[in-house]
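Throughout, read-outs are computed from the coordinates displayed, never taken from laboratory work. The shown structure was predicted, so the numbers you read here are calculated from the model rather than taken from an experiment. Here the Cβ is made from the backbone with ideal geometry for all residues, glycine too, and neighbour counts use every protein chain on show.
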Amino acid sequence: MHPPARSNRAYRTVAHLVRPLLRAMTRKDWHGVEHMPTERGFIAASNHMTNIDPLTFAYFLWESGFAPKILAKASLFKVPVMGKVLHATGQIPVYRNTVSAAESLTAAIDAINDGDCVAVFPEGTLTRDPDLWPMVGKTGVARLALTTRAPVVPVAQWGPQLLLGRYQKMLRPIPRKTITIVAGPPVDLSDLYDNPQDTATLREATERVMAAIGALLTEIRGEQPPEVRYDMRKPVDPGENSVAGDHATKPEQP
């Protein structure tokens with residue numbers, strides 16, 4: 001296949017090295033590419049279960065014709081080798097809880113306005129839900145979407161956790177793991193565009209994105225998610241739902 005038109009030389013070199021490894025370790029079960037815009041920049045928003053799913057997410061987007069600019073923790077840009085790769089391929093550092101936090105949003109806005117696909121994990125970190133369902137999202141995706149009015153394409157992944165478990169460091173490439181990734185229609189936020197970007201509007205937009213991702217994941221898994229989405233800002237109430245109630249004792253899925 002031809003590399004995405006908006007990829008630079010460094011991106012193409014990394015893809016040339018990484019794609020064969022992912023092909024050797026995974027089987028693709030991918031759907032919904034038709035929902036991703038080709039005529040303008042957009043946001044691709046995915047659930048986040050394990051440290052390998054940024055690679056599987058990027059692999060899906062690359063093979064679909066896009067060279068994603070992924071919002072990644074700023075600390076990763078300081079890791080030897082990895083940091084150079086992230087910089088060279090144009091990934092976007094996220095400066096959390098610092099005076100530089102606005103720089104991430106500005107860089108992402110510029111990328112979208114330039115026609116790029118900006119890939120985000122709205123949860124901001126690996127899900128803490130014991131059954132790997134999406135958590136309550138952070139409002140960064142809402143700020144980006146409402147500021148640019150770019151389409152937000154929800155994406156659900158299931159299977160990367162079999163290749164690399166949550167918080168684990170050792171890959172399990174044998175046997176090959178089936179990675180299911182489904183993109184859905186863009187989330188409708190048009191009624192919120194002219195609203196002030198206050199807490200209520202940002203949370204509403206964020207929840208719509210997380211609900212769309214959750215609905216795709218529910219279809220993939222064929223299971224029902226918890227009634228109440230896991231929220232890192234709140235203590236777990238055992239009476240809210242069975243999944244949250246088992247948080248301390250339920251073994252993690254592979």
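Considering Cα pairs under 8 angstrom that are at least six residues apart, work out the relative contact order of the stretch 142-219 and quote it in whole percent. Relative CO of the stretch 142-219 lands at 41 percent. Taking every alpha-carbon pair under 8 Å whose residues sit at least 6 apart, the chain reaches a relative contact order of 26 percent.
For the chain, the 222 nm mean residue ellipticity estimated from helices alone, with every DSSP H stretch of n ≥ 4 adding -39500 (n - 2.57) and the total spread over all residues, rounds to -10500 deg cm²/dmol. Phi angles across the stretch 87-92 convert, under the Karplus curve 6.51 cos²θ - 1.76 cosθ + 1.60 with θ = phi - 60°, into 3J(HN,Hα) values of 5, 5, 8, x, 6, 10 Hz, Gly and Pro given as x. Here's how it looks for residue 32: its modeled amide H is under 5 Å from those of 183, which are all 5 or more places away or on a different chain.
Legend: helices of the chain (whole DSSP H runs) are marked when their alpha-carbon atoms reach 27 angstrom or more along the helix axis and their mean Kyte-Doolittle hydropathy is at least -0.5; marked are 199-221. When the Cα positions of 94, 75, 154 are compared along the charge dipole of the chain, 75 comes out farthest toward the positive end, with charges on each C-beta of Lys, Arg, Asp and Glu.
Taking GluC sites (Glu not before Pro) in DSSP loop conformation with at most 14 other Cβ atoms inside 10 Å as exposed sites, the chain has its longest uninterrupted site-free stretch at 40-222. With contacts taken as Cα pairs under 8 Å at a separation of at least 6 residues, the stretch 90-178 carries a relative contact order of 18 percent. Shape of the stretch 17-87 from the C-alpha gyration tensor: oblate (a/c of 1.5 or more and a/b not above b/c, with a ≥ b ≥ c the square roots of its eigenvalues). Placing unit charges on the Cβ atoms only, positive for Lys and Arg and negative for Asp and Glu, gives the chain a dipole magnitude near 1340 debye about its Cα centre. The equivalent ellipsoid of the stretch 94-233 has semi-axes of 27, 18, 16 Å, largest first, where each one is the square root of 5 times an eigenvalue of the Cα gyration tensor. Residue-wise HN-Hα couplings along the stretch 115-123, as the Karplus relation 6.51 cos²θ - 1.76 cosθ + 1.60 with θ = phi - 60° gives them from phi, are x, 7, 8, 9, 9, 9, 10, x, 5 Hz; Gly and Pro carry x. In this structure, the amide hydrogen of residue 119, modeled 1.01 Å from its nitrogen in the peptide plane, lies closer than 5 angstrom to those of 44, 69, 70, 71, counting only residues at least 5 positions away or on a different chain.
Anisotropy class assigned to the stretch 1-149 is rounded, per the alpha carbon gyration tensor with a/c under the 1.5 cut-off. On full extension, the segment bounded by residue 73 and residue 19 gains 17.2 nm, given 0.36 nm per residue less the C-alpha separation. Each of 164, 215, 33 was scored by the projection of its Cα onto the charge dipole of the stretch 27-245, and the greatest displacement toward the positive side belongs to 164; charges sit on the C-beta of Lys, Arg, Asp and Glu. Taking a Cβ cut-off of under 15 Å around residue 200, the surrounding Lys, Arg, Asp and Glu residues balance to a net charge of -2, with basic ones at +1 and acidic ones at -1. If you run the Gaussian network model on the chain, springs between alpha carbon atoms under 10 Å, then out of 73, 28, 234 the most flexible one is 234. Full extension of the segment from residue 200 to residue 172, taken as 0.36 nm per residue of separation minus the current Cα-Cα distance, would add 5.8 nm.
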